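Enquirer: Dropping the structure in here first, questions after.
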Number of protein chains: 4
Amino acid sequence: MVILLQCSDRVGLVADISSVMATAGLNIISMKEFVNVDENRFYIRLEIQGDTDTAQLQQQLKARLPDDTEISIRPYEKKKIAILVTKEHHCLGDILLRNYFNTLGAEVQCVIGNYNNLEALTTKFDIPFHCISHEGKEKHAFEQEIQEALAAYEFDYIILAKFMRILSPEFNSKYASRIVNIHHSFLPAFIGAHPYKQAYERGVKLIGATAHFVTNVLDDGPIIAQQTIYVNHTHSVKDMIRLGREIEKSVLANALQLVLQDKVLVYHNKTIVFEN
Amino acid sequence: MVILLQCSDRVGLVADISSVMATAGLNIISMKEFVNVDENRFYIRLEIQGDTDTAQLQQQLKARLPDDTEISIRPYEKKKIAILVTKEHHCLGDILLRNYFNTLGAEVQCVIGNYNNLEALTTKFDIPFHCISHEGKEKHAFEQEIQEALAAYEFDYIILAKFMRILSPEFNSKYASRIVNIHHSFLPAFIGAHPYKQAYERGVKLIGATAHFVTNVLDDGPIIAQQTIYVNHTHSVKDMIRLGREIEKSVLANALQLVLQDKVLVYHNKTIVFEN
Amino acid sequence: MVILLQCSDRVGLVADISSVMATAGLNIISMKEFVNVDENRFYIRLEIQGDTDTAQLQQQLKARLPDDTEISIRPYEKKKIAILVTKEHHCLGDILLRNYFNTLGAEVQCVIGNYNNLEALTTKFDIPFHCISHEGKEKHAFEQEIQEALAAYEFDYIILAKFMRILSPEFNSKYASRIVNIHHSFLPAFIGAHPYKQAYERGVKLIGATAHFVTNVLDDGPIIAQQTIYVNHTHSVKDMIRLGREIEKSVLANALQLVLQDKVLVYHNKTIVFEN
Amino acid sequence: MVILLQCSDRVGLVADISSVMATAGLNIISMKEFVNVDENRFYIRLEIQGDTDTAQLQQQLKARLPDDTEISIRPYEKKKIAILVTKEHHCLGDILLRNYFNTLGAEVQCVIGNYNNLEALTTKFDIPFHCISHEGKEKHAFEQEIQEALAAYEFDYIILAKFMRILSPEFNSKYASRIVNIHHSFLPAFIGAHPYKQAYERGVKLIGATAHFVTNVLDDGPIIAQQTIYVNHTHSVKDMIRLGREIEKSVLANALQLVLQDKVLVYHNKTIVFEN
């Protein structure tokens, strides 16, 4: 199993955690820690071998560690994901291919689109596709339908693979910390709609993409991964959209790998990513 | 000489320009053009061999080309620059070295600092240094002193090599389109003060630097060059400042080379850069 | 149509070419030229509007231009490609998705694999798959079978999308300048088999991928595109293979776009790429 | 102090090391470890607070750890370096500036050049410069003179900041593992002389620079840091040299920071770099 744990820092935390593991007869096969000295905060990721009662282990750790300790114990099981899309195919296609060839580190459970143009692609790979249009509906009703569709599946994360509708705070909090979005700009630059048009108009020499957890503030959640590529005056908005797609799918794939392998901790709207 | 020319696009512009040059007995040794089809705008950079009356050439070109044509004819002479600094040495040091070894493509005329800690470095390279403190002065008085110091020199551009004061619209318009600034963020993200602190707090995974012409809107002028580098949760604000300095000096050096070789045109707050 | 033309440089080439076009009643909508001054070589890419007899146009251009002029006139038609693969799916999957969504700039005619594990993926997208095993065959016989399979299709280029067999000079010359390969290293480093193992053993801090035209010297043909990414001591050979796949597919996609849009000229084992 | 330690891996190494430190009354303020599972090799970097007899500490660690353990205990003292140059100024200038402003993490003791053109720059910064020409001398005599000049100084590392002579095995082994070189290519591509000319002739789309420890095999020592930048067909050899200089100085600066802060371990011609 993987244990992600964070708490305020003090001397002896690693020793205390190691001792709890030893007492429980568990073998630490990998340990990555990080201390943010300025914020006096301790983060650790452990890979553990051995059988144990995880509720009991959690209790033993809590008993030994600071009061503000947050622990997440996760079994070595393939994660399950649900995907929301609008019309663009590049991120979805990339994820479906990885899923098909078992390199995603997750099992795609379903795809929900507010248009039907990605249905044919999705069903080629034997993944259920639900077309739920937003048209002529209030946001609440639209999201209600999505939730009903989702209710038929078990999943760990919802991936917004270029889902172009803003979700309500109610929706977000129902799946808190479990929604990953890809935004087509280098955040915090160009928040909101049409970031490539904004980038073109500002005349930037680099464009970017950002994968982040969704919170109730638009495009403001904890950033998991980012990437930029060079552009110049010869690139039209259309060219930027085309080039941007390449890094959008690359950044999202990278972020998914990190999230699905339990390598990401979140604290105060920021991520700690234990990459290697 | 180098000719930078822009106008609204129509068929036959290159032929018209070539014909003016041929009539004037001038030899085109390099021609780079770009048409922004969406904006119907034509840009060209010419390197020309031969002697001519430039005022007359300008007239001949204007007579043949659209009414909105803007022409800048520049002799093959080394540009002259004045530098403004505050306390940080990395950009200034880099420029002084290039100047000393004749690889800057310009001659540094003077350095003006609002502190004196860069005086020793500057005078090592036999460049005059003027310490003009901003302390206890109104902006107007401070800038007046700078202008008086500058008045003793001829220069084509003012380089803000980490000059940490915001200049007034009056100052900027006096040297319109001739002030180049290096901003320590990937603009338009993190405008204003302490961009690395802002970056740290937002939890971005890349930090950047931007060289741009100065206008009256803070950190909003036409962007000449940008660069980003990866950071992660292990980087403190201090680490970001240290890493950022490396790309600040690299981006500024790159932008200066482009500007000083007359490779940059400006239109509507954006640059057209004929890099190679 | 697109015209790619190269010859030894002399004064007046652009004027001569423009004049031939004007006489033929053809409209130049885009012109990108490059002169290699050191090698006295002129390269140009033209996009032309209007109808004409291309054989006649070719003759008219030849008559006006230097004796060593090489001209390639290509209609605005979607290119056709055949793909050769071995076992790895990432490049093929990426190409099939782009083909399916019409963003490849080509039509995939067929896929030939020396194993059958990519058949299911290929046929999902209604592309014919031919499994031609190399096992128990001499190279000549193996290639003969491939050529027979290929003979059923029309195609402009053969794409080696991680085809792990070395093709014979006979095969290569049959499709001279029409075979594009993706090699999983930053050429000329790590030529031949197992480049990631070589990279791991050398302890490099960057790995790369190279798309190039195939010639009779292994991994030595004209390079179209290259890319590198950072690695470090924590990356095993397996990690490098996994990371490398991401840039392999990205570099190949980039190279294909350039080749399929007739943006690449070749001279003396090097490419001239008119990117924008 | 910093402790760099490596040995074959077994269970309990971190516990053993921690226990030795505790017994010695030493406080571990930072610990970075890496296990190469494929090679069964354990690496650790410790930052330690507290006073101790380092010879005794070394003995205590050896007694507790595997027989093949290699330990290097280094005090928190600024390193000292000697620099060898030929004619190019960019790397030397960069180092001298950092030295002058105390951001190098070392004290430059002297500069030795086989030409005198960098003397004026060096002495501006009050660093002794020795001009030792190689002309008309056998390698042995030349190196003898260098060694005599070096003998007047204490130094931890020799930095070859674009020193364009190949040093003999005798010289190298005298300063084994203490010579850092910057090579102007992405090694192992373009070993030896004129790498940019080689790169131009091969038609690569990226050029690079490599900082490495010097061994007796030319350009083959353990790599510390590498970087690449894009080039294209418009870049002449001269352009590549100019662009390359920017990354040469950046890669060397980066490598020096890592080496001078005791963040680099070497094993079997490869480096383990504990970057953050």
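The values are calculated or read from the model by the stated rules, or taken from the named source; none is laboratory data. On a predicted model such as this, the values are computed, not experimentally measured, just so you know. Cβ coordinates were reconstructed from backbone atoms using ideal geometry, including for glycine residues, and neighbour counts include every protein chain displayed.
Enquirer: Report whether or not B:Ile95 is crowded, with 19+ Cβ neighbours inside 10 Å and modelled with pLDDT of 95 or more.
Expert: yes
Enquirer: Moving on to the next point. So, in the stretch B:192-219, of the ones that are surrounded by fewer than 17 Cβ atoms within 10 Å (Cβ to Cβ) and touching a helix residue (DSSP H, G or I) at 6+ places or on another chain (Cβ under 9 Å), which residue ends up nearest to B:Lys270 (Cα to Cα)?
Expert: Applying the filter and picking the extreme gives B:Asn216.
Enquirer: Here is a list: D:Lys87, D:Lys162, D:Lys137, D:Lys78. Which entry is under 26 Å from B:Leu118 (Cβ atoms) and either assigned by TED's automatic domain parsing to the domain that holds D:Phe213 or not small (Gly, Ala, Ser) (or both)?
Expert: D:Lys78
Enquirer: Can you pull out the residues in the stretch C:1-34 that are among the β-branched types (Val, Ile, Thr) and part of a helix (DSSP H, G or I)?
Expert: C:Val14, C:Ile17, C:Val20, C:Thr23, listed by residue number.
Enquirer: For the stretch B:35-56, give me each residue that is more than 9 Å from every other protein chain (Cβ to nearest Cβ), surrounded by fewer than 14 Cβ atoms within 10 Å (Cβ to Cβ) and outside any helix (DSSP H, G or I).
Expert: Of everything in the stretch B:35-56, those that are more than 9 Å from every other protein chain (Cβ to nearest Cβ), surrounded by fewer than 14 Cβ atoms within 10 Å (Cβ to Cβ) and outside any helix (DSSP H, G or I) turn out to be B:Glu39, B:Asn40, B:Gln49, B:Gly50, B:Asp51, B:Asp53.
Enquirer: Can you tell me which residue among B:Asn269, B:Asn232, B:Asn276 is within 14 Å of chain A (Cβ to nearest Cβ) and at positive phi?
Expert: Every option except B:Asn269 fails the conditions.
Enquirer: Sticking with this one: Modelled with pLDDT under 95, among the hydroxyl-bearing types (Ser, Thr, Tyr) and outside the structural domain of A:Tyr157 (by TED's automatic domain parsing), is that true of A:Thr54?
Expert: Yes; evaluated as a whole, the condition is true for this residue.
Enquirer: Residue under question is C:Val231, and the condition is that it be assigned by TED's automatic domain parsing to the domain that holds C:Thr103 and surrounded by fewer than 20 Cβ atoms within 10 Å (Cβ to Cβ); does it hold?
Expert: No.
Enquirer: List the number of the failed condition for A:Ser185; all other conditions in (1) away from chain B (no Cβ under 11 Å); (2) in contact with a strand residue (DSSP E or B) (Cβ under 8 Å, 6 or more places away or on another chain); (3) not β-branched (Val, Ile, Thr) hold.
Expert: Result: A:Ser185 fails condition (1) only.
Enquirer: Output the number of the condition that C:Lys263 fails; it satisfies all remaining conditions of (1) at the interface with another protein chain (Cβ under 9 Å from one of its Cβ atoms); (2) surrounded by fewer than 20 Cβ atoms within 10 Å (Cβ to Cβ).
Expert: (1)
Enquirer: Report, by residue number, each residue of the stretch A:5-41 that is more than 27 Å from D:Arg10 (Cβ to Cβ) and not charged (D, E, K, R).
Expert: A:Gln6, A:Cys7, A:Ser8, A:Asn36, A:Val37, A:Asn40
Enquirer: Looking at the stretch B:74-92 only, could you name the residues that are of a type in the set (A, V, I, L, M, F, W, C) and in contact with an Asp or Glu (Cβ under 8 Å, 6 or more places away or on another chain)?
Expert: B:Ile81, B:Cys91
Enquirer: Taking the residues in the stretch D:165-191 that are surrounded by fewer than 16 Cβ atoms within 10 Å (Cβ to Cβ) and either charged (D, E, K, R) or not assigned by TED's automatic domain parsing to the domain that holds D:Ala255 (or both) as candidates, determine which candidate is nearest to the chain's Cα centre (by Cα).
Expert: Only one residue tops the list, namely D:Lys174.
Enquirer: Among the residues of the stretch D:213-226, write down those that are at the interface with another protein chain (Cβ under 9 Å from one of its Cβ atoms) and not acidic (Asp, Glu).
Expert: D:Pro222, D:Ile223, D:Ile224, D:Ala225, D:Gln226
Enquirer: Next question, about the same structure. Quick check: anything in the stretch C:243-257 out of contact with any Cys (no Cβ under 6 Å at 6 or more places or on another chain), of a type in the set (Val, Ile, Thr) and more than 24 Å from A:His90 (Cβ to Cβ)?
Expert: No.
Enquirer: Considering each of D:Lys205, D:Lys197 in turn, give the residue that is more than 17 Å from the chain's Cα centre (by Cα) and either more than 10 Å from every other protein chain (Cβ to nearest Cβ) or of a type in the set (S, T, N, Q) (or both).
Expert: D:Lys197
Enquirer: Continuing with this model, one more query. Residues being small (Gly, Ala, Ser) and outside any strand (DSSP E or B): count how many of those fall in the stretch C:208-238.
Expert: Going through the stretch C:208-238 one residue at a time, the tally reaches 2.
Enquirer: In addition: With the checklist (1) touching a residue at least 40 places away in the same chain (Cβ under 8 Å); (2) within 11 Å of another protein chain (Cβ to nearest Cβ); (3) not in a helix (DSSP H, G or I) in hand, flag the one item D:Arg245 doesn't pass.
Expert: Checking D:Arg245 against (1) touching a residue at least 40 places away in the same chain (Cβ under 8 Å); (2) within 11 Å of another protein chain (Cβ to nearest Cβ); (3) not in a helix (DSSP H, G or I), the one that fails is (3).
Enquirer: Further question on the same structure: Looking at the stretch C:238-246, is at least one residue over 28 Å from D:Val266 (Cα atoms), modelled with pLDDT under 95 and of a type in the set (D, E, K, R)?
Expert: So far as the stretch C:238-246 goes, no, none of its residues is over 28 Å from D:Val266 (Cα atoms), modelled with pLDDT under 95 and of a type in the set (D, E, K, R).
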